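The values are calculated or read from the model by the stated rules, or taken from the named source; none is laboratory data. Bear in mind the structure is a predicted one, so any value in this text is a computation, not a measurement. When we count neighbours, we look across all protein chains shown, and the Cβ atoms used for this are built from the backbone with ideal geometry, even at glycine.
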Amino acid sequence: MNDEAITKRSDYRPPRWLVPRIELVFDLGVDSAEVAATLQLERAAGGDEPLRLDGEGLELLELKLDGTTLDSSQYQLDATGLTVNGARDGSVLETRVRIHPRANTALEGLYLAGSADTGFLLTQCEAEGFRHITFFPDHPDVLSRYTVTLRADRARFPVLLAGGNPDGHGEADDGRHWARFVDPWPRPSYLFALVAGDLHHIDRDFVTAEGRSVAVKLWAEPEAIARCQYAFEALLRAMRWDEQTYGRCYDLDVFHVVATDAFNMGAMENKGLNIFNAKYLLADPDSSTDEDFHRVESVIGHEYFHNWSGNRVTCRDWFQLSLKEGFTVFREQSFAAAMDSPALQRIEDVRRLRRAQFSEDAGPLAHPVRPDAYREINNFYTSTVYEKGAEVVRMLARRLGPAAFRRGTDLYFSRHDGQAVTIEDFVRALGDANELDLGAYLAWYGQAGTPRVRVHAEHDAASQRLTLQLSQHTPPTPGQPDKAPLPIPIDMALFTPAGGRLPLHVEGEARPRNGDGVVELRAARQDVVLLGVAERPVLSLLRGFSAPVILEFDDADADLGVLLRHEPDGFNRWQASQRLAQRAFAAAMAGATDNRALTVWCDTLAAVCDESGDTDPALLAELLAVPDAVELGATLEVLDPPAVHAARTSLLQALALRIGAQALASRYQALQEAELGEFHPAARGRRRLKRSLLGLLAHADGEQAFGLAAAQFKAASSMSDQLAALALLVHFDAPQAQQALADYRHSYNVNMLALDKWFAVQATRPAAAALEQVEALMEDPAFELRNPNRVQSLLGSFAHANPLGFHRADGAGYRFVARQLTALDALNPQTAARIATCFNAWKRLEPGRRALAREALAELAARPENSRGVNEIVQRTLE
Ligand code: TRP
Ligand code: ZN
């Protein structure tokens with residue numbers, strides 16, 4: 001890898017030039033736009049370097065310093081920016097540039113969403129998009145006060161929006177109009193945003209706890225505005241929750257949220273003007289599943305919460321990205337838990353972490369929550385920075401407890417308001433507010449890889465002592481051969497074999513604890529002695545997933561069965577089921593004839609099902625789930641995807657037969673008869689259970705399950721029911737599948753988000769032949785390589801969530817994805833680079849597939865026209 005292209009954390013230098021104020025004037029058009037910028041410059045104390053501004057792909061029309069036009073001897077323009085000679089402290093620099101929104105397929109900077117006639121203009125600046133709009137020191141530690149004026153044709157662009165408070169609007173010549181916005185809060189350039197086009201809105205006033213009246217407006221294209229209502233309610237809930245939970249109030253007179261179908265990621269927290277991928281904003285009963293509604297609520301919370309964790313207090317440099325993202329994901333997860341079920345939320349979050357982050361941490365792209373180097377920063381918006389980062393904040397919050405954590409975040413927000421800070425600043429504020437040193441937790445930010453915590457328990461009846469021998473080990477990751485021990489909080493509880501709770505008395509502590517049972521493992525090995533344990537107990541470890549680690553505990557299968565039945569912590573009940581399933585899977589892979597874990601798992605779940613009046617249906621649905629193939633595959637040294645699939649299927653078959661087709665079907669039918677298509681949590685939980693039962697039934701009695709699914713598909717009163725039925729028919733290759741696909745295609749012909757589900761269902765069919773289907777679907781008129789949602793649904797799902805298709809024995813899956821990536825990279829490098837991470841596990845593949853994957857990767861790596869982003873992923877994957 002070429003060394004100059006690498007940005008290193010250790011190379012950080014404070015900015016030499018500051019821009020306390022910036023004024024921007026946009027003359028907007030679809031094909032071209034002019035941007036005039038006036039920068040008030042301030043030289044950092046002691047500096048003497050010439051002014052350097054970032055700028056890429058800008059056509060420079062005019063350049064003035066302190067009112068005088070510069071000639072070409074007074075500045076140097078190159079591919080990445082502009083150097084200006086003669087600027088002084090207090091100088092004013094004026095630039096005027098031309099850019100081309102319609103030609104911008106990368107969706108970074110200013111671009112057109114939709115058609116030239118009816119689409120609208122919008123921006124995406126994080127991380128380094130602002131330099132595609134104007135010349136500026138485009139780094140998050142340069143904070144400015146923005147004044148923005150937009151001018152455009154009134155008929156074509158009736159709505160003009162930018163971040164900040166409105167500061168006038170009016171008519172101009174030739175049917176044009178203008179609008180101005182002033183943001184009183186200093187902010188970095190990555191939070192700049194504008195929107196211009198024919199958008200409709202819904203609005204309501206929100207009065208903050210501080211008494212500020214805020215006009216909240218959600219915007220979407222005319223045909224989509226009716227689907228914004230749910231997000232609106234969720235947004236108001238999030239605004240209230242942040243006031244009540246963190247004491248954070250909104251701080252402008254207006255808050256705009258805009259939906260677009262053309263967006264690279266989920267959503268963006270631009271100050272006062274959040275922009276959303278329509279997928280995470282639009283929701284209606286006819287085309288959104290229960291999970292979609294839930295995601296909308298989470299994402300709208302996430303972006304809103306950034307107003308404090310990210311915008312008012314921002315990142316010093318992009319290595320600190322988790323400062324805002326990890327903390328904000330944690331805030332989002334807490335909000336979602338408070339709005340619904342904490343246990344189910346935790347299950348969902350941990351499942352995502354295990355599936356995406358653990359596999360990232362175990363492969364060639366592993367990196368710390370705070371990376372040390374990057375070539376393309378867009379490649380570091382990862383599960384590690386987001387989800388593992390959130391886990392680290394969760395450990396800190398748990399360590400402090402709610403009141404102390406709140407003192408800590410209060411101090412963090414007040415101490416660093418208006419600043420660009422580091423992860424150390426965050427951890428220090430949490431500690432300082434409580435006169436504690438939390439510095440040991442910083443190691444979690446610096447060390448990549450998932451720690452393995454091994455536990456061995458010895459019970460001594462005579463002394464009534466239970467000795468826990470704890471040890472931790474983190475395997476090497478690229479560039480980090482040796483790992484240090486980390487502080488690992490292990491939340492635990494003791495039960496009797498009948499499921500009764502025992503007190504937890506840790507040796508060295510004055511008295512037994514009744515609630516909180518956290519023991520902190522700090523060293524590589526450590527013994528913890530529990531006192532007053534008369535009989536060998538059942539130990540429940542890592543309750544609530546108190547640390548992002550892999551637990552290796554040699555407890556008896558029967559003990560896990562006890563937890564699966566009786567553990568009051570719903571999360572650890574689920575974890576007991578997952579651990580039993582993992583053991584059963586390992587035994588199946590090893591060809592065991594007597595699969596004891598499988599027996600315990602099946603027997604216990606059958607019993608739980610029988611007495612399931614006691615178990616929340618949504619939780620029961622989770623208990624009946626097997627980890628997905630990607631997660632199961634991650635535990636293997638040599639990966640053979642069809643073998644993983646077969647072993648996983650054998651688990652589901654065993655469970656289905658143990659519960660019995662009869663019991664599954666009658667339970668399903670009772671729920672189905674009571675189905676009213678309602679959306680409250682209990683109704684959603686029952687639908688989830690229905691889906692599990694029908695899925696299991698398909699393994700016990702396919703014909704019956706297909707019949708029921710086809711009927712459910714036809715009669716569905718919700719998208720959840722309809723999509724679940726469709727997925728079942730397609731994934732089992734049922735005779736009714738083709739008809740259902742055709743019907744679905746027909747009824748959602750113009751609903752792109754619903755068609756994305758149709759693409760994804762087919763792309764994830766667990767079969768080698770899914771490849772041919774995906775190839776055919778690329779020709780579907782609804783598919784568009786330019787649209788990231790379409791691409792993620794079809795190519796992304798296939799590459800990341802279809803092990804049998806992608807890892808086809810003949811290598812055709814690898815070659816197909818590599819070929820599509822080269823086409824996509826030319827249009828949208830960010831999206832291409834995200835999909836390119838699908839080769840992540842190639843080194844563990846069995847030799848035949850490994851050679852084929854390597855070949856496809858090497859071919860991809862050799863292409864000189866690759867974007868920086870794709871190159872970085874492919875090269876790091878190959879290394
Ligand atoms: N900051 C955004 C978030 O909170 C994510 C983001 C980063 C993003 N880069 C982006 C969104 C590019 C869209 C496009 O999650
Ligand atoms: Zn975020």
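Identify all residues within the stretch 757-792 that are in a helix (DSSP H, G or I), over 19 Å from Leu821 (Cα atoms) and not polar (S, T, N, Q); write none if there are none. Before you say what the answer is, go through the steps one by one.
Filtering the stretch 757-792 down to residues in a helix (DSSP H, G or I) leaves 757-763, 770-777, 788-792.
Checking the rest, the ones that are also over 19 Å from Leu821 (Cα atoms) come to 757-758, 761-762.
Across the stretch 757-792, the qualifying residues are Lys757, Trp758, Val761.
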Odd one out for Arg370, checked against (1) more than 14 Å from ligand 2 (Cβ to nearest atom); (2) closer than 21 Å to Ser414 by Cα; (3) surrounded by 24 or more Cβ atoms within 10 Å (Cβ to Cβ): (2)
Some residue of the stretch 774-790 being more than 27 Å from Ala262 (Cβ to Cβ) and of a type in the set (S, T, N, Q): no
Residues satisfying the stated conditions in the stretch 16-58, i.e. touching a helix residue (DSSP H, G or I) at 6+ places or on another chain (Cβ under 7 Å) and not in a strand (DSSP E or B): Val30, Asp31, Gly55, Glu56, Gly57
Residue count, the stretch 830-866 (criterion: of a type outside the set (A, V, I, L, M), under 27 Å from Gly266 (Cα atoms) and more than 16 Å from ligand 2 (Cβ to nearest atom)): 6
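Of the residues Ala162, Ala155, Ala172, which single one is more than 16 Å from ligand 1 (Cβ to nearest atom) and under 27 Å from the mean Cα position of the chain (by Cα)? First the steps, then the outcome.
On the way: Ala155 fails: under 27 Å from the mean Cα position of the chain (by Cα); Ala172 fails: under 27 Å from the mean Cα position of the chain (by Cα).
The match here is Ala162.
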Filter pass, Val393 being under 15 Å from the mean Cα position of the chain (by Cα), closer than 20 Å to Glu520 by Cβ and of a type outside the set (Ser, Thr, Tyr): no
Arg394 vs. criteria farther than 23 Å from Gly129 by Cβ, touching a strand residue (DSSP E or B) at 6+ places or on another chain (Cβ under 9 Å), touching a residue at least 40 places away in the same chain (Cβ under 8 Å) and away from ligand 1 (no atom under 16 Å from the Cβ): no
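Take the conditions among the charged types (D, E, K, R), within 30 Å of Leu530 (Cα to Cα), crowded, with 20+ Cβ neighbours inside 10 Å and within 16 Å of ligand 2 (Cβ to nearest atom) and apply them to Glu387. Does it pass?
In short, no.
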Neighbours by Cβ (under 7 Å, 6+ apart or cross-chain): first from the stretch 422-437, farther than 15 Å from Phe319 by Cα; second aliphatic (A, V, I, L, M) and outside any helix (DSSP H, G or I): Val427/Leu438; Leu430/Leu438; Gly431/Leu438
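Residues checked against (1) aliphatic (A, V, I, L, M); (2) touching a residue at least 60 places away in the same chain (Cβ under 8 Å):
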position	(1), (2)
Leu122	yes, yes
Arg145	no, yes
Arg180	no, no
Ala209	yes, no
Test: residue in the stretch 121-136 that is among the small types (Gly, Ala, Ser) and closer than 21 Å to Thr38 by Cα: yes
Whichever residue in the stretch 258-273 is surrounded by 24 or more Cβ atoms within 10 Å (Cβ to Cβ) and more than 14 Å from ligand 2 (Cβ to nearest atom) and, among such residues, is nearest to Asp756 (Cα to Cα): Thr260
Residue count, the stretch 299-315 (criterion: assigned to a helix (DSSP H, G or I) and either surrounded by fewer than 24 Cβ atoms within 10 Å (Cβ to Cβ) or over 14 Å from the mean Cα position of the chain (by Cα) (or both)): 3
Residue within the stretch 835-853 that is of a type in the set (Ser, Thr, Tyr), within 20 Å of Leu777 (Cβ to Cβ) and in a helix (DSSP H, G or I) present: no
For Asn379: the one exception among (1) within 16 Å of ligand 1 (Cβ to nearest atom); (2) under 18 Å from Phe327 (Cα atoms); (3) not in a loop (DSSP other than H, G, I, E, B): (2)
Checking Thr134 against (1) assigned to a strand (DSSP E or B); (2) in contact with a Ser or Thr (Cβ under 8 Å, 6 or more places away or on another chain); (3) closer than 22 Å to Thr314 by Cβ; (4) β-branched (Val, Ile, Thr), the condition it does not meet: (1)
Selected residue (only one of Asp205, Asp167, Asp173 is farther than 20 Å from Leu122 by Cβ and modelled with pLDDT under 95): Asp173
Failed item, numbered, when Gly532 is tested on (1) in contact with a His (Cβ under 8 Å, 6 or more places away or on another chain); (2) surrounded by 18 or more Cβ atoms within 10 Å (Cβ to Cβ): (2)
Number of positions in the stretch 316-348 that are free of Cβ contacts under 8 Å to residues at least 60 places away in the same chain, among the charged types (D, E, K, R) and more than 14 Å from ligand 1 (Cβ to nearest atom): 1
Qualifying positions in the stretch 687-717 - touching a helix residue (DSSP H, G or I) at 6+ places or on another chain (Cβ under 9 Å), surrounded by fewer than 20 Cβ atoms within 10 Å (Cβ to Cβ) and over 17 Å from Thr649 (Cβ atoms): Gln704, Ala711, Lys714, Ala715, Ala716
Criterion (buried (at least 22 other Cβ atoms within 10 Å of the Cβ), within 16 Å of ligand 2 (Cβ to nearest atom) and assigned to a strand (DSSP E or B)) met by exactly one of Phe276, Phe255: Phe276
Residues that are under 30 Å from Ala209 (Cβ atoms), small (Gly, Ala, Ser) and either more than 15 Å from ligand 1 (Cβ to nearest atom) or touching a Gly at 6+ places or on another chain (Cβ under 9 Å) (or both), drawn from the stretch 248-302: Gly272, Ala283
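May I ask you to verify whether Thr123 is modelled with pLDDT of 95 or more, within 16 Å of ligand 1 (Cβ to nearest atom), in a strand (DSSP E or B) and surrounded by 20 or more Cβ atoms within 10 Å (Cβ to Cβ)?
Details: modelled with pLDDT of 95 or more: yes; within 16 Å of ligand 1 (Cβ to nearest atom): yes; in a strand (DSSP E or B): yes; surrounded by 20 or more Cβ atoms within 10 Å (Cβ to Cβ): yes.
In short, yes.
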Close pairs from the stretch 291-302: first over 19 Å from Ala621 (Cβ atoms) and of a type in the set (A, V, I, L, M, F, W, C), partner away from ligand 2 (no atom under 16 Å from the Cβ) and modelled with pLDDT under 95, Cβ under 8 Å, at least 6 apart: none
Residue match in the stretch 729-738 (condition: touching a Lys or Arg at 6+ places or on another chain (Cβ under 7 Å), among the hydrophobic types (A, V, I, L, M, F, W, C) and either within 24 Å of Ala782 (Cβ to Cβ) or not in a helix (DSSP H, G or I) (or both)): yes
Residue match in the stretch 319-338 (condition: outside any helix (DSSP H, G or I) and away from ligand 2 (no atom under 14 Å from the Cβ)): no
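State yes or no: is Ser414 within 16 Å of ligand 2 (Cβ to nearest atom) and modelled with pLDDT of 95 or more? Full working, then the answer.
Details: within 16 Å of ligand 2 (Cβ to nearest atom): no; modelled with pLDDT of 95 or more: yes.
Here the answer is no, as Ser414 does not meet what is asked.
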Any pair with Cβ under 8 angstrom, 6 or more apart, that starts in the stretch 92-114 at a residue that is at positive phi and ends at one that is within 16 Å of ligand 2 (Cβ to nearest atom) and in a helix (DSSP H, G or I): Leu107/Gln830
